[in-house]
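Input: a single structure, listed below in structure tokens.
Just so you know, all these numbers are worked out from the coordinates, no wet-lab data involved. Source: prediction; values computed, not measured. Cβ sites come from the backbone with ideal geometry, for glycine too, and all protein chains shown count toward neighbours.
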Amino acid sequence: MRKPRIFQIVLPNSFRPSLAYMGNKQSRMGVHRYFLLICIIFTPILICGCSHFNGGFQAKSSFEEANEFFNQGSYKASLNKYEQIIEKYPTTGDRALFEMGIIYAHPKNEQKNYQKALECFQKLTKDYPESRYRQDSEMMIFYINNVTFKDNLITTQQTKIENLRQEVKNKENEVITLQNEIITLQKKNEALEQKVFAFAIQKGPADKILIEKKARQLMLISKGEVLKTYKIALGGNPNGPKERQGDNKTPEGTYFIDSRNKDSQYCLSLHISYPNERDKKRAKELGVSPGGDIMIHGIKNGFSWVGDFHTEVDWTKGCIAVTDEDIEEIEKLAPNGTTVEIRP
């Protein structure tokens, strides 16, 4: 009697990806496509018929029936039949376990279960150490462990990504909330400032203008109370007091508004009583002219659209510059004779 042929799929080394290869795959799709290739290679075992069995030919019809269920896509029925085969024909259990493992792991099986597939291959290697399916089962155990590892890794990374996205979204919402709060506070502050300013106009004019060069601000003061603060630009050489004509410095000291010009080239201008006696004495000691024409004024005619941006650079020849809207307010509240104190 001719011995039945033993059918076994053994992949060449070129078809067996190493752990490094599996580790280099970055996506779930790549891993499962490769696993699909492995299952496709082993599938002929299930559909080629039953030309060999460890227990003889008695189980042939049962294996053919299980294979037919598999061909029809009835994976559950096929698995049930293989379980009957194991119970009825234990000597063919290694082949049944191997084919069950393939079905459990097959990508087309919508109820695929890698854990049960792993259990089938592990049971085969344990209970049938001499089986011709042992080597292929060990290889499938390797593949399933790698697929499971990749699945868990990808799931973990996706969870981290979702958590980070949620954190970013929460931070964005916090930023938007804070921005809205800032806008609300700015509006409240502006409204309060306008009320104070309106009250000051009704109460009377400012009695002092305080200019702080380092802080780049001008304050209108009435009876010791700050009515309003303005941003300013200074002379192009702002550090230190003015000493001579043409040095582009803004003076430092106490002065007063001695005149005004509503037809100025800089919207409006309030003339400051520079030089005072101290300035004249210093210039005389240096043998130079102290200069003059120091004013509080707006932006040059035709450039009022610049607005507050003009304070980004010191651009005057020694004067104190504000926006056109600001100089119009200051002019209303600071009559001639108002003290002007300019601090470093």
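From the backbone phi of region 155-170, what are the Karplus-calculated ³J(HN,Hα) couplings (6.51 cos²θ - 1.76 cosθ + 1.60, θ = phi - 60°) in whole Hz, Gly and Pro given as x?
4, 4, 5, 5, 5, 4, 4, 5, 5, 5, 4, 5, 4, 4, 4, 5
Want the number for Ser289 to Asp127: 0.36 nm per residue separation, take away the alpha-carbon distance, what's left?
Extra length from Ser289 to Asp127 when fully extended: 47.2 nm.
Please compute the modelled spin-label separation between Glu325 and Ile182, points set 7 Å along Cα→Cβ, answer in nm with one decimal.
1.9
Hey, can you rank 145-154, 81-90, 325-334 by average C-beta count inside 10 Å, highest first?
Put in order of decreasing packing, that is 325-334, 81-90, 145-154.
So what J values fall out for region 85-102 if you push phi through Karplus, 6.51 cos²θ - 1.76 cosθ + 1.60 with θ = phi - 60°, rounded to Hz, Gly and Pro as x?
With the stated coefficients, region 85-102 comes to 4, 4, 6, 8, 10, x, 5, 9, x, 5, 5, 4, 5, 5, 5, 5, x, 4 Hz.
With point charges of +1 on the Cβ of Lys and Arg and -1 on the Cβ of Asp and Glu, referenced to the Cα centre of region 208-343, which listed residue (Leu210, His297, Tyr274) lies farthest in the positive direction of the dipole?
Of the options given, the answer is Tyr274.
Hey, how many Å between the Cα centroid of region 274-344 and the Cα centroid of region 96-158?
86
What lysines does Lys150 reach when the alpha-carbon gap must be under 22 Å and sequence neighbours fewer than 8 apart in one chain are set aside?
Hits, sequence-local ones excluded: Lys25, Lys108, Lys112, Lys116, Lys160.
Can you list the residues, at least 5 places off or on another chain, whose amide H is less than 5 Å from the amide H of Tyr255, using H built in the peptide plane?
Val340, Glu341, Ile342
Quote the relative contact order of region 208-343 in percent (integer), defining contacts as alpha-carbon pairs under 8 Å separated by 6+ residues.
Computed over region 208-343, the figure is 34 percent.
Roughly what would the spin-label model give for Ile161 and Trp315, points 7 Å off Cα along C-beta, in nm?
About 5.0 nm separates the two model spin labels.
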